[in-house]
Protein chains: 2
Amino acid sequence: VAPRIVPVILSGGAGTRLWPLSRPDKPKQFHALTGERTMLQMTAARAADRARFAAPLVVCGLSHAAEVERQLADIGISPAALILEPIGRNTAAAIALAALEREPDELLLVMPSDHVIERPEAFLVAIRRAAEQAGEGWLMTFGIAPDRPETGYGYIRRAETLAEGVFAVGRFVEKPDRATAESYLAEGGYDWNGGIFLMRAGDVLAGLAAHAPDILEASRAALDAARREGRRVLPDAELFASVRSQSIDHALMEVHDRVGVVPVEMGWSDVGSWDALYDIGLKDPAANVVAGNAIVSDARNCLVQAEGLRVVAVGVTDLIVVASGDTVLILPRGESQRVREAAAAAAERDVSTAS
Amino acid sequence: VAPRIVPVILSGGAGTRLWPLSRPDKPKQFHALTGERTMLQMTAARAADRARFAAPLVVCGLSHAAEVERQLADIGISPAALILEPIGRNTAAAIALAALEREPDELLLVMPSDHVIERPEAFLVAIRRAAEQAGEGWLMTFGIAPDRPETGYGYIRRAETLAEGVFAVGRFVEKPDRATAESYLAEGGYDWNGGIFLMRAGDVLAGLAAHAPDILEASRAALDAARREGRRVLPDAELFASVRSQSIDHALMEVHDRVGVVPVEMGWSDVGSWDALYDIGLKDPAANVVAGNAIVSDARNCLVQAEGLRVVAVGVTDLIVVASGDTVLILPRGESQRVREAAAAAAERDVSTAS
């Protein structure tokens with residue numbers, strides 16, 4: 001029988017692009033953006049079949065431990081461990097901690113906690129293919145078929161076929177400019193890098209030892225000195241703070257020679273903006289996406305997301321309205337990249353008010 | 001010397017057109033819509049010169065007594081009395097109570113508590129003129145020069161000149177249709193009825209005795225049975241509930257034969273809608289009217305009114321955004337009459353949620 005796969009859920013993201021709903025104290029993955037369940041819950045539920053998957057390991061910020069435990073308990077999932085980072089040190093360190101925590105021959109399914117996958121059954125098929133290849137020592141990624149010349153994602157170039165639906169990676173490309181992204185779409189053979197990986201713990205450690213030994217050793221030192229409280233694992237704060245902050249893509253995937261990709265059409269979205277949430281959201285007959293305590297009347301093409309507060313929108317068109325906490329954000333649809341500008345203006349006001 | 005004028009402030013309005021800021025527990029007059037002071041405070045301050053005006057008498061709902069006392073105390077005004085209506089019975093009854101409470105030869109300056117007057121000095125000049133005419137037994141009104149064919153106000157037709165700037169009223173016209181309003185503007189000699197009156201208490205009582213004796217006698221009975229607690233006057237609830245609900249315009253002004261008008265250009269507005277508040281509001285360079293905890297960036301022609309909540313609007317145009325309590329209203333500018341539709345939709349949701 002195939003070994004069980006260990007889901008490793010990375011829940012350290014800050015989700016600043018979904019301000020004001022996503023905030024440092026409760027970032028994106030802890031919100032129910034697309035249905036009843038939060039993104040963390042949906043991520044965990046994707047790998048909840050215990051015949052195929054072991055109990056998950058979650059890597060998250062120390063301050064989010066209780067929220068993660070509560071949300072997983074709410075859907076009946078008991079994590080194997082929570083690795084609680086005292087400070088964020090990017091994905092190479094987070095994955096190193098997870099790999100060090102498990103046995104070398106276990107397969108790790110590394111998943112960001114804040115992505116949407118509309119067709120999890122397609123993901124499961126891809127996992128099966130990737131697992132076979134990973135069992136032979138390959139570091140496997142999942143390739144998302146690009147449907148637009150997105151400049152916000154990395155791209156993966158397919159090389160030779162390794163098995164049915166499984167390819168070696170020719171090269172990784174960092175977020176390209178627009179013209180380059182368009183050429184990839186025209187050329188074909190490129191997929192988006194969704195940041196989901198399947199690999200043996202021992203291969204990750206060997207790869208990091210070869211390509212980023214400082215990250216591996218500093219992570220190991222922090223974990224060796226960890227405090228353990230039940231399922232909570234608290235790496236030593238001072239030692240972990242000294243770990244170099246780098247993505248697993250840079251530290252390992254882009255420089256390793258046995259990296260593969262399984263292209264998969266699974267309705268993936270990283271919900272990287274309010275416009276992205278509108279795109280994947282369920283539309284009412286007037287093409288509004290409405291969630292929470294929101295009332296729309298004679299509105300068209302709007303995203304209205306109300307948490308806690310009540311939003312009443314009448315007669316408006318092509319707006320993004322997000323209410324959360326004590327804050328309401330209003331933007332034209334298609335301009336959700338301006339969230340940063342809005343959050344910065346709000347933060348500036350806070351500072352000037354406080355002083 | 002001329003007798004001192006007694007300001008009678010009518011503060012019983014519900015202000016439903018400024019929902020969600022204006023709500024039954026704290027209607028429009030208790031909010032600072034145009035500056036630091038609330039509309040009630042600005043109304044009281046207009047007649048605060050004790051050389052010319054006596055301490056004011058306020059007629060308001062019982063549940064608003066403490067709010068009225070607090071707001072007047074905040075600006076150093078001590079009312080002569082608060083007449084606390086257990087239930088609203090429109091302006092004829094409210095004014096009857098005030099007239100019954102004062103001496104017959106005192107001049108009452110009846111003012112709604114929720115109007116804006118941008119040039120109070122012009123109002124004071126008009127009051128002087130109106131007071132002389134009222135001293136001869138006339139019921140005086142103030143006429144607002146119409147600048148648009150408004151169908152939401154009553155109109156007053158001027159007849160013969162009684163003194164400089166003082167006219168007899170030819171007739172009152174209820175809210176006209178659009179074509180009629182346009183003909184009034186073209187014809188000239190019409191003013192808006194702003195609902196501000198100056199008249200001797202005894203003349204009001206005599207007029208009501210002649211034209212609406214039931215309202216007068218029922219009001220008198222309720223006041224005779226009133227409970228008095230310091231400056232608070234509490235008409236008997238059961239007796240007052242039996243008073244016929246009618247406006248002073250219908251009950252008296254439209255049917256009395258000695259009614260005069262002093263036209264006055266004083267920057268009057270009843271702030272009857274969010275669009276009206278935008279019109280009279282101070283604009284930023286991009287023609288936004290912004291008040292409260294609101295941040296606008298690259299917005300144009302918007303009204304953003306935030307009380308309690310924080311509104312951040314980026315890149316939007318021609319919107320009305322009002323945040324108050326736990327509710328945010330969003331409308332296109334120029335469509336603020338749809339507040340009713342919005343409030344009704346919200347109320348319907350509340351009912352269905354509660355059941």
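The values are calculated or read from the model by the stated rules, or taken from the named source; none is laboratory data. Just so it is clear, the structure is predicted and the values come from calculations on it, not from any experiment. With ideal geometry, Cβ positions are generated from the backbone for all residues, glycine too; neighbour counts draw on all protein chains shown. These accessible areas exclude ligands, DNA and RNA; they are computed on the full protein's heavy atoms, side chains included. Shrake-Rupley method; radii C 1.70, N 1.55, O 1.52, S 1.80 Å.
Could you please give the count of residues in segment A:334-349 that are open to solvent by less than 20 Å² (accessible area, probe 1.4 Å) and either of a type in the set (A, V, I, L, M) or out of contact with any Asp or Glu (no Cβ under 8 Å at 6 or more places or on another chain) (or both)?
Residues in segment A:334-349 being open to solvent by less than 20 Å² (accessible area, probe 1.4 Å) and either of a type in the set (A, V, I, L, M) or out of contact with any Asp or Glu (no Cβ under 8 Å at 6 or more places or on another chain) (or both): 3 in total.
For segment B:274-296, check the following and say yes or no: at least one residue is at pLDDT 95 or above, outside any helix (DSSP H, G or I), closer than 30 Å to B:GLU101 by Cα and among the hydrophobic types (A, V, I, L, M, F, W, C).
No, that holds for no residue.
Tell me, which residue of segment B:296-319 that is more than 7 Å from chain A (Cβ to nearest Cβ), surrounded by fewer than 23 Cβ atoms within 10 Å (Cβ to Cβ) and of a type in the set (S, T, N, Q) is nearest to A:ARG338 (Cα to Cα)?
Taking the candidates together, the pick is B:THR317.
For segment A:194-213, name all the residues that are of a type outside the set (Gly, Ala, Ser) and in a strand (DSSP E or B).
A:ILE196, A:PHE197, A:LEU198, A:MET199, A:ARG200
Out of B:ALA210, B:ALA218, B:ALA226, B:ALA222, report the one residue that is modelled with pLDDT of 95 or more and within 15 Å of B:LEU139 (Cα to Cα).
On inspection, the qualifying residue turns out to be B:ALA210.
For segment A:237-267, give me each residue that is open to solvent by less than 40 Å² (accessible area, probe 1.4 Å) and either of a type in the set (Ser, Thr, Tyr) or part of a loop (DSSP other than H, G, I, E, B) (or both).
Those that are open to solvent by less than 40 Å² (accessible area, probe 1.4 Å) and either of a type in the set (Ser, Thr, Tyr) or part of a loop (DSSP other than H, G, I, E, B) (or both): A:VAL243, A:SER247, A:MET266, A:GLY267.
Search segment A:268-295 for residues being among the polar types (S, T, N, Q) and farther than 18 Å from A:GLN337 by Cβ, and hand back the single one that is surrounded by the fewest Cβ atoms within 10 Å (Cβ to Cβ).
The extreme case among them is A:ASN293.
Are there strands (runs of 3 or more DSSP E) fully within segment B:132-193 with at least 1 residues that are in contact with a strand residue (DSSP E or B) (Cβ under 8 Å, 6 or more places away or on another chain) and surrounded by fewer than 14 Cβ atoms within 10 Å (Cβ to Cβ)? List them.
B:155-163, B:166-173
Cβ-Cβ under 9 Å, sequence separation 6+ or interchain: first residue in segment A:21-46 and without any contact (Cβ under 8 Å) to a residue 40 or more places away in the chain, partner among the hydroxyl-bearing types (Ser, Thr, Tyr) and in a helix (DSSP H, G or I). Which pairs?
The qualifying pairs are A:SER22/A:THR16; A:PRO24/A:THR16; A:PRO24/A:SER63; A:ASP25/A:SER63.
Considering only segment B:18-128, give the helices (runs of 4 or more DSSP H) lying wholly within it that have at least 3 residues that are of a type in the set (Phe, Trp, Tyr).
Ranges flagged: none.
Across segment B:29-47, what is the total count of residues that are at pLDDT 95 or above and farther than 15 Å from B:GLU69 by Cα?
Number satisfying all stated conditions: 2.
Return the pair list, or none, for Cβ contacts closer than 7 Å from residues in segment B:316-342 that are within 19 Å of A:ALA323 (Cβ to Cβ) to residues that are among the acidic types (Asp, Glu) and at pLDDT below 95, at least 6 apart or on different chains.
Partner pairs satisfying both residue conditions: B:ALA323/B:GLU307; B:SER324/B:GLU307.
Considering only residues that are touching a Lys or Arg at 6+ places or on another chain (Cβ under 8 Å) and open to solvent by 10 Å² or more (accessible area, probe 1.4 Å), look in segment B:320-333 and name the one that is nearest to the other protein chains (Cβ to nearest Cβ).
B:ASP326
Could we say that B:VAL59 is touching a Cys at 6+ places or on another chain (Cβ under 6 Å) and either open to solvent by 10 Å² or more (accessible area, probe 1.4 Å) or in contact (Cβ under 8 Å) with a residue 24 or more places away in the chain (or both) here?
Criteria not met by B:VAL59.
List the residue pairs whose Cβ atoms are under 7 Å apart, where the first residue sits in segment B:207-218 and is free of Cβ contacts under 8 Å to residues at least 60 places away in the same chain, the second is among the charged types (D, E, K, R), and the two are 6 or more positions apart or on different chains.
Listed by first residue and then by second, the contacts come to B:ASP214/B:ARG244.
Among A:ALA48, A:ALA66, which is under 26 Å from A:ALA323 (Cα atoms) and out of contact with any strand residue (DSSP E or B) (no Cβ under 8 Å at 6 or more places or on another chain)?
Only one candidate passes the filter, namely A:ALA66.
Kindly provide the set of residues from segment A:277-300 that are under 20 Å from B:PRO332 (Cα atoms) and under 23 Å from the mean Cα position of the chain (by Cα), ordered by number.
Listed by number, the list holds a single entry, A:VAL289.
How many residues are more than 21 Å from the chain's Cα centre (by Cα) and either modelled with pLDDT under 95 or of a type in the set (A, V, I, L, M, F, W, C) (or both) when one looks only at segment A:130-163?
Residues that pass the stated criteria total 4.
From the list A:ALA81, A:ALA66, pick out the single residue that is aliphatic (A, V, I, L, M) and open to solvent by less than 50 Å² (accessible area, probe 1.4 Å).
A:ALA81
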